[in-house]
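**Q** The structure's right below; bear with me while I get my questions together.
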């Protein structure tokens, strides 16, 4: 596709969004779905492991913790119910990306650990995501990017104030 036709596609999409006065949430969700689809597909092509963005987010969240990771705490941190986290942990365990160990001091607690395979997946995913960001930013200048980040920050702050 030529640069000119990409420009025309962008103009058409922008005009369509403006004319239809789509709700901001709908526009953002549509954008995220498109981006997530690309990154999920690229990660699968490169690693052979099929994960959703939510599963990756859980794996990444656990990898960032420096203390013992307890299932209940991860659920709270991610704003999800415990049963949803348990299902994701089960799937990540089957793929050997995560390991669950019963706490010796409290048998009701499950400690979560990212495996070496999980660490490699996170590294691959991060590289794929960075490359995708570069591709998405292509054609935008610094002022465009700053306007985008200011706009996103504005919507995020407003939404948080409304909660």
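The values are calculated or read from the model by the stated rules, or taken from the named source; none is laboratory data. What you are looking at is a predicted structure, and each value in this text was computed from that prediction instead of being measured. Because the Cβ atoms are built from the backbone with ideal geometry, glycine has one as well, and the counts that use them run over all protein chains shown.
**Q** Check whether at least one residue in the range 45-54 is farther than 14 Å from residue 129 by Cβ, touching a helix residue (DSSP H, G or I) at 6+ places or on another chain (Cβ under 8 Å) and outside any loop (DSSP other than H, G, I, E, B), and report yes or no.
**A** Yes, the conditions are met somewhere in the range 45-54.
**Q** Follow-up question, since we're still on this one. Please determine whether any residue of the range 98-110 is in contact with a helix residue (DSSP H, G or I) (Cβ under 7 Å, 6 or more places away or on another chain), assigned to a loop (DSSP other than H, G, I, E, B) and either surrounded by 13 or more Cβ atoms within 10 Å (Cβ to Cβ) or free of Cβ contacts under 8 Å to residues at least 24 places away in the same chain (or both).
**A** No, the range 98-110 has no match at all.
**Q** Kindly evaluate residue 59 against the criterion of being surrounded by 12 or more Cβ atoms within 10 Å (Cβ to Cβ) and within 18 Å of the chain's Cα centre (by Cα).
**A** yes
**Q** Residue 94 versus (1) modelled with pLDDT of 95 or more; (2) touching a helix residue (DSSP H, G or I) at 6+ places or on another chain (Cβ under 9 Å): which is the lone unmet condition?
**A** Result: residue 94 fails condition (2) only.
**Q** For the range 102-124, how many residues are touching a strand residue (DSSP E or B) at 6+ places or on another chain (Cβ under 7 Å) and farther than 26 Å from residue 53 by Cβ?
**A** Number satisfying all stated conditions: 3.
**Q** Go through the range 79-90 residue by residue and tally those that are under 22 Å from residue 47 (Cα atoms) and in contact with a helix residue (DSSP H, G or I) (Cβ under 6 Å, 6 or more places away or on another chain).
**A** 1
**Q** Here's something else I'd like to know. So which residues in the range 62-84 are in a helix (DSSP H, G or I), more than 14 Å from the chain's Cα centre (by Cα) and within 24 Å of residue 34 (Cα to Cα)?
**A** Correct list: 84 only.
**Q** Moving on. Against the condition modelled with pLDDT under 95 and under 22 Å from the mean Cα position of the chain (by Cα), how does residue 125 come out, does it pass?
**A** No.
**Q** Right, something else. Can you find a residue that is surrounded by 14 or more Cβ atoms within 10 Å (Cβ to Cβ) and modelled with pLDDT of 95 or more anywhere in the range 131-141?
**A** Yes; the residues of the range 131-141 include at least one that is surrounded by 14 or more Cβ atoms within 10 Å (Cβ to Cβ) and modelled with pLDDT of 95 or more.
**Q** Please specify each residue of the range 135-153 satisfying the condition of being part of a helix (DSSP H, G or I), more than 16 Å from residue 23 (Cβ to Cβ) and without any contact (Cβ under 8 Å) to a residue 60 or more places away in the chain.
**A** Hits for the range 135-153 are 135, 137, 142, 143, 144, 145, 146, 147, 148, 149, 150, 153.
**Q** For residues that are touching a residue at least 12 places away in the same chain (Cβ under 8 Å) and over 23 Å from residue 37 (Cβ atoms), tally how many sit in the range 86-97.
**A** So the answer is 3.
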